[in-house]
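A.B. asks: Take this structure, written in structure tokens, and hold onto it; I'll ask about it next.
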Amino acid sequence: MPDQRRRPPLAADERTQLLGWLALQRQIVRLKCEDLSEADAHRSVLPSSPLMTVAGLVRHLRWVEHAWFEVKFLDRSGADNPQFSGVKDDGMRAAGIPLAHLLDDYARQCAVSDEIVAAHSLDDVGRNRERAEGDASLRWMLLHMLEETARHAGHLDAIRELIDGRTGYW
């Protein structure tokens, strides 16, 4: 399969740039998961953060996409989202869930997020009034999701290096 990782065009409209950078960060998340054993995907390498595993971060990113675009923007139910369970770091608990399953869930959730974004203006504001961030603009939510995904892609990069020495932006 050809390499799909590309930066967005240097000169493009705002939407193209935002979505291009977010897509790149999502692809980097997948890259950091390539060729990992299940044991390594679930291995904790930071003693003070036992849930920060490759699998845990992928699960977290899936539920963050759901929280921002479905719950906070569209005001859909968050009942299935572990981030709203009241249990600290519940969205990162990935023990016993195969990495391939987590990656598939993440890809499906990203596709749902992309459909939501495509159907709305960047100036549209969220519909959820129960959560403080629910009235943020879609532009703000996209920028936040880009920041969140890039930050965790960096975590994945460091975790991957600690697991097997693999490094690299691409």
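The values are calculated or read from the model by the stated rules, or taken from the named source; none is laboratory data. On a predicted model such as this, the values are computed, not experimentally measured, just so you know. Here the Cβ is made from the backbone with ideal geometry for all residues, glycine too, and neighbour counts use every protein chain on show.
A.B. asks: May I ask you to list the residues in the stretch 121-157 that are free of Cβ contacts under 8 Å to residues at least 24 places away in the same chain and closer than 26 Å to Ser44 by Cβ?
C.D. replies: Those that are free of Cβ contacts under 8 Å to residues at least 24 places away in the same chain and closer than 26 Å to Ser44 by Cβ: Glu147, Arg151, Gly154.
A.B. asks: Across the stretch 1-57, which residue is surrounded by the most Cβ atoms within 10 Å (Cβ to Cβ) among those that are free of Cβ contacts under 8 Å to residues at least 12 places away in the same chain, small (Gly, Ala, Ser) and over 22 Å from Ala100 (Cβ atoms)?
C.D. replies: Checking each candidate, the answer is Ser49.
A.B. asks: Something else now. Give the residues of the stretch 121-154 that are surrounded by 16 or more Cβ atoms within 10 Å (Cβ to Cβ), within 21 Å of Leu19 (Cα to Cα) and of a type outside the set (A, V, I, L, M, F, W, C), sorted by residue number.
C.D. replies: Within the stretch 121-154, Gly126, Gly134, Ser137, Arg139, Glu148, Thr149, His152 qualify.
A.B. asks: Related question: Identify the residue in the stretch 2-21 that is touching a helix residue (DSSP H, G or I) at 6+ places or on another chain (Cβ under 8 Å) and in a loop (DSSP other than H, G, I, E, B) and, among all such residues, is modelled with the highest pLDDT.
C.D. replies: So, considering only residues that are touching a helix residue (DSSP H, G or I) at 6+ places or on another chain (Cβ under 8 Å) and in a loop (DSSP other than H, G, I, E, B), the one modelled with the highest pLDDT is Ala12.
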